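Structure record follows, encoded as structure tokens.
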Amino acid sequence: MRIYKKFIREGVPEYLAHYYWWAYLWGKSIWFFDHQSIINAILFGQYDALLRKTLAQIETKPGTRLLQLTCVYGKLTPSLLHYSGNEVHLSDVAIGQLNLARSKTLDVADRCFLTRLNAESLAYADNAFDQVIVFFLFHELPATARQNVYDEIARVVKPGGSVLIAEYGELPTHHFLYRFPISRWLLSHLEPFLPEFWTENVSEKLSAALAKKDKNIVDQPHLDYCFARFYRVMRFDVR
């Protein structure tokens, strides 16, 4: 039996088990990848810059309800809690990832609410959150799953709230990592849904999902690039 099928029996999506069991579901990999030096290497030394740019766009007004869609390795979750001073709801489909997040947030556990949910089908009420934060998730989803997540974000974010997305930039045809065949092949091999995501218009996808809920994006999104536009942080204000 292929190793990944074991994880499907644990209730995770087939694509996650098939392509990413080695990165997010296996206990030894959870321990290995949650070292800051490893995370920074995976992001070509840009983790701290991306974290700073993300935190700069976090809602800090008292009483704000934040939703972080899926756990991430590193210090994002505790940073959200300490930087904002507000409650953070964190959902993930992988129990191991939720356990890891809890171990990092014990000092603020009263403001950190962990729930096992698939981002494609959230159990939260409509208009439940002032801000939805998505940190390097979309490029790991197949197209249908991405659409489902856009739709769920549009449903749970409040009018007057915002959506904050940190991700790869647009198709980086001029970046040396893309122009160099070996690095381009390696990225596409390890991240099989990234090539398709590179060509996706995030603003259009989110705008279309919001329109289904009679919401829309206010003006142009805040957009901040790093690493020669290889990565970007996008904030969309919603009305």
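When F197 is tested against (1) within 14 Å of the chain's Cα centre (by Cα); (2) outside any strand (DSSP E or B); (3) closer than 22 Å to G63 by Cα; (4) not small (G, A, S), just one condition goes unmet, and that condition is (3).
You will find that of E196, E191, the residue that is surrounded by fewer than 20 Cβ atoms within 10 Å (Cβ to Cβ), farther than 17 Å from R235 by Cα, touching a strand residue (DSSP E or B) at 6+ places or on another chain (Cβ under 9 Å) and in contact (Cβ under 8 Å) with a residue 40 or more places away in the chain is E191 and no other. Is it fair to say D214 is over 24 Å from S91 (Cα atoms), part of a loop (DSSP other than H, G, I, E, B), more than 16 Å from the chain's Cα centre (by Cα) and at pLDDT below 95? So D214 does not fit the description; no. The set of residues in segment 37-58 being crowded, with 17+ Cβ neighbours inside 10 Å, touching a strand residue (DSSP E or B) at 6+ places or on another chain (Cβ under 7 Å) and not in a loop (DSSP other than H, G, I, E, B) consists of L50, K53, T54.
Across segment 145-187, the qualifying residues are those that are within 27 Å of V132 (Cα to Cα) and of a type in the set (S, T, N, Q), and the one among them that is surrounded by the most Cβ atoms within 10 Å (Cβ to Cβ) is S162.
I'd like to check something: does segment 145-160 contain any residue that is within 25 Å of P78 (Cα to Cα), in contact with a Lys or Arg (Cβ under 6 Å, 6 or more places away or on another chain) and in a strand (DSSP E or B)? Within segment 145-160 (the criterion being within 25 Å of P78 (Cα to Cα), in contact with a Lys or Arg (Cβ under 6 Å, 6 or more places away or on another chain) and in a strand (DSSP E or B)), the answer is no, since none of the residues qualifies.
For Y73, the test of being over 12 Å from the mean Cα position of the chain (by Cα) and among the aromatic types (F, W, Y) is failed.
Quick check on segment 6-25: of everything there that is touching a residue at least 12 places away in the same chain (Cβ under 8 Å) and outside any helix (DSSP H, G or I), which residue is farthest from A145 (Cα to Cα)? Residue satisfying both the conditions and the ranking: E10. Selection of first residues in segment 41-59 that are more than 13 Å from S162 (Cα to Cα) and of second residues that are in a loop (DSSP other than H, G, I, E, B), restricted to Cβ pairs under 6 Å at least 6 apart or on distinct chains, gives the following pairs, ordered by first then second residue: Q46/F227.
Considering every residue within segment 88-101, establish whether at least one is over 18 Å from the mean Cα position of the chain (by Cα), farther than 26 Å from L223 by Cβ and either β-branched (V, I, T) or not in a loop (DSSP other than H, G, I, E, B) (or both). No, segment 88-101 contains no residue that is over 18 Å from the mean Cα position of the chain (by Cα), farther than 26 Å from L223 by Cβ and either β-branched (V, I, T) or not in a loop (DSSP other than H, G, I, E, B) (or both). Does Q220 satisfy the criteria of being in a loop (DSSP other than H, G, I, E, B), surrounded by fewer than 20 Cβ atoms within 10 Å (Cβ to Cβ) and out of contact with any Gly (no Cβ under 7 Å at 6 or more places or on another chain)? So Q220 passes the test. Do we find a residue being assigned to a helix (DSSP H, G or I), among the aliphatic types (A, V, I, L, M) and modelled with pLDDT of 95 or more anywhere in segment 63-74? Among the residues of segment 63-74, not one is assigned to a helix (DSSP H, G or I), among the aliphatic types (A, V, I, L, M) and modelled with pLDDT of 95 or more, which makes the answer no.
Tallying residues that are farther than 21 Å from L122 by Cα and either of a type in the set (D, E, K, R) or part of a strand (DSSP E or B) (or both) within segment 75-87 yields 1.
The values are calculated or read from the model by the stated rules, or taken from the named source; none is laboratory data. In this text the structure is predicted, and so the values were computed from the model without any measurement. We place every Cβ from the backbone using ideal geometry, glycine too, and count neighbours over all the protein chains shown.
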